[in-house]
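S.K.: Quick one: structure below, then a few questions.
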Amino acid sequence: MIKIKILFTIIILTASVLAQFNNYRFGFSISYNYSTSARLYPYPNSANQIFRDENIQLDGFYSISTEFLYRINKSLIIAAGTEYIKHTNDLRVFTISDNSGVYRLTAKEGFELIPFDLSVYYFLPFSTDSFKFFMGGGIAFYYANHVREFADVKAENISRDFSYGIQAAIGMDYMILDFLSARLKMKFRDPDFKLESKYNKDSVIIEGEEYQLPLYNFDSRFNLDGVAFSLGLVFHF
C-alpha cells in the first residue's frame, strides 16, 4: 500500500511539471563559463617518475559555450552543444639544449580545447512555474591543441588522442519571459588525453643569440579535472 502511495505521489508531481511548460519545442542557449582546474603534463612518457608526474596547474579560466535544445516531451530534453576554451600560463620556464649548451626559456604554455557535448536533461518534479530545476548528462568529445609560444616560435600539433568521456550536469532555469530564461548550471567532466607536437621553426633568436631547437616531436598530456560553472540565457522557440 505504501509503495502504491509513493508511486501515485510521483505521478502527480510529474504531471504537475508537465503542466508547467509551454508549447515551445526548441531552445538555444549561450553561456559564460568558469572552470576551476586543469593540468598539463609536459613529460608524460618520461622514464623518470618525477618528470612524468610534473604538471602545470592551470586554474580558474573562462570560456563561452552554446547549446541547441530539443524538447522530446514536457520533462525530457536532448541537447547538442560546444564550447571554446583557451588558457595559458605566461610564466612557464623550460630548457632547450643544442651543441653549445643548455638554455632556460620563459614561454606561454597552456591548451586550447573544443568540447562537443550530447546530453539528455530531465526537469525535476519539484520545479515551479518560474524555477525549472534539471539534471542530466551524456557523452562529450574533445578536440585539443597544446599551446607553447616563446619569441616567434609556436608549437604545432601533429597528432592527438581521440578523446571522449561522460559528463554530468545539474542546474536551474529561471523564466524571465515566456520565451526567455536565465540558466545556472554546474557541469562535471574529466577528459584526459595525450598530444604530440613539434616546433614550427628549427631555431630561435633571443636577445641577439640564436639557439637551435629540437627537431624531434615532443609529447604532452592534458587533464581537465575541475568543475565548470555556467551563467547564461536560453531562448525558447
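S.K.: For region 85-97, state whether one or more residues are assigned to a strand (DSSP E or B), closer than 30 Å to HIS236 by Cβ and among the small types (Gly, Ala, Ser).
M.R.: Checked against the condition, which is being assigned to a strand (DSSP E or B), closer than 30 Å to HIS236 by Cβ and among the small types (Gly, Ala, Ser), region 85-97 yields no hits at all.
S.K.: Let me ask another. Can you spot a residue in region 165-187 that is hydrophobic (A, V, I, L, M, F, W, C) and more than 30 Å from PRO125 (Cα to Cα)?
M.R.: No - not one qualifying residue is present in region 165-187.
S.K.: Let me ask something else. For region 126-140, indicate whether the set of residues that are basic (Lys, Arg) and within 24 Å of TYR84 (Cβ to Cβ) is non-empty.
M.R.: Scanning region 126-140 turns up no residue that is basic (Lys, Arg) and within 24 Å of TYR84 (Cβ to Cβ).
S.K.: Please give the number of the condition LEU215 fails out of (1) more than 18 Å from VAL147 (Cα to Cα); (2) surrounded by fewer than 12 Cβ atoms within 10 Å (Cβ to Cβ).
M.R.: With respect to (1) more than 18 Å from VAL147 (Cα to Cα); (2) surrounded by fewer than 12 Cβ atoms within 10 Å (Cβ to Cβ), LEU215 is out only on (1).
S.K.: Determine which member of the set GLY81, GLY138 is within 23 Å of LYS194 (Cα to Cα) and small (Gly, Ala, Ser).
M.R.: Selected residue: GLY138, the only one of GLY81, GLY138 that is within 23 Å of LYS194 (Cα to Cα) and small (Gly, Ala, Ser).
S.K.: Restricting region 72-84 to residues that are part of a loop (DSSP other than H, G, I, E, B) and at pLDDT 85 or above, which is surrounded by the most Cβ atoms within 10 Å (Cβ to Cβ)? If you could, list the steps in order and put the result at the bottom.
M.R.: Taking region 72-84 first, the residues part of a loop (DSSP other than H, G, I, E, B) are 72-75.
Still in the running and at pLDDT 85 or above: 72-73, 75.
Numbers: ILE72: 10, ASN73: 10, SER75: 20.
By that ranking, first place goes to SER75.
S.K.: Can you give me the number of residues within region 109-148 that are charged (D, E, K, R), surrounded by 15 or more Cβ atoms within 10 Å (Cβ to Cβ) and farther than 18 Å from THR66 by Cα?
M.R.: Number satisfying all stated conditions: 3.
S.K.: Only one of these is within 30 Å of ILE206 (Cα to Cα), under 15 Å from the mean Cα position of the chain (by Cα) and of a type in the set (Ser, Thr, Tyr): THR88, THR66. Name it.
M.R.: Going through THR88, THR66 in turn, just one is within 30 Å of ILE206 (Cα to Cα), under 15 Å from the mean Cα position of the chain (by Cα) and of a type in the set (Ser, Thr, Tyr): THR88.
S.K.: Let me ask something else about it. Which of the residues spanning region 20-60 are loosely packed, with under 14 Cβ neighbours inside 10 Å, without any contact (Cβ under 8 Å) to a residue 24 or more places away in the chain and small (Gly, Ala, Ser)?
M.R.: Result: ALA47, single match.
Residue by residue, here is whether (1) in contact with a Gly (Cβ under 6 Å, 6 or more places away or on another chain); (2) assigned to a strand (DSSP E or B); (3) at positive phi holds:
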position: MET135; (1), (2), (3): no, yes, no
position: HIS146; (1), (2), (3): no, yes, no
position: GLU149; (1), (2), (3): no, yes, no
position: ALA168; (1), (2), (3): yes, yes, no
position: MET172; (1), (2), (3): no, yes, no
position: ILE176; (1), (2), (3): no, yes, no
position: ARG183; (1), (2), (3): yes, yes, no
position: PRO214; (1), (2), (3): no, no, no
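S.K.: How do the pairs read when you match residues in region 191-212 that are surrounded by 14 or more Cβ atoms within 10 Å (Cβ to Cβ) with residues anywhere that are outside any loop (DSSP other than H, G, I, E, B) and basic (Lys, Arg), using Cβ under 7 Å and keeping only pairs 6 or more apart or on different chains?
M.R.: PHE193/ARG160; LYS194/ARG221; LEU195/ARG160
S.K.: Only one of these conditions is not met by ASP173: (1) within 30 Å of VAL93 (Cα to Cα); (2) at pLDDT 90 or above; (3) of a type in the set (Asp, Glu). Which number is it?
M.R.: It fails just one condition, (1).
S.K.: Surrounded by fewer than 20 Cβ atoms within 10 Å (Cβ to Cβ), at pLDDT 95 or above and either closer than 20 Å to TYR34 by Cβ or more than 22 Å from the chain's Cα centre (by Cα) (or both), is that true of PHE188?
M.R.: The answer is yes for PHE188.
S.K.: When you scan region 160-182, do you find a residue that is of a type in the set (Phe, Trp, Tyr), more than 16 Å from the chain's Cα centre (by Cα) and farther than 21 Å from LEU231 by Cβ, even just one?
M.R.: Step one: of region 160-182, the residues of a type in the set (Phe, Trp, Tyr) are 162, 164, 174, 179.
Now narrow it down to the ones that are more than 16 Å from the chain's Cα centre (by Cα): 174, 179.
The next check asks that each one be farther than 21 Å from LEU231 by Cβ; those that pass are none.
Looking through region 160-182, none of the residues is of a type in the set (Phe, Trp, Tyr), more than 16 Å from the chain's Cα centre (by Cα) and farther than 21 Å from LEU231 by Cβ.
The values are calculated or read from the model by the stated rules, or taken from the named source; none is laboratory data. Computed from a prediction, not measured in an experiment: that's the story for all the values here. Here Cβ is always computed from backbone atoms with ideal geometry, including for glycine, and neighbour counts include all displayed protein chains.
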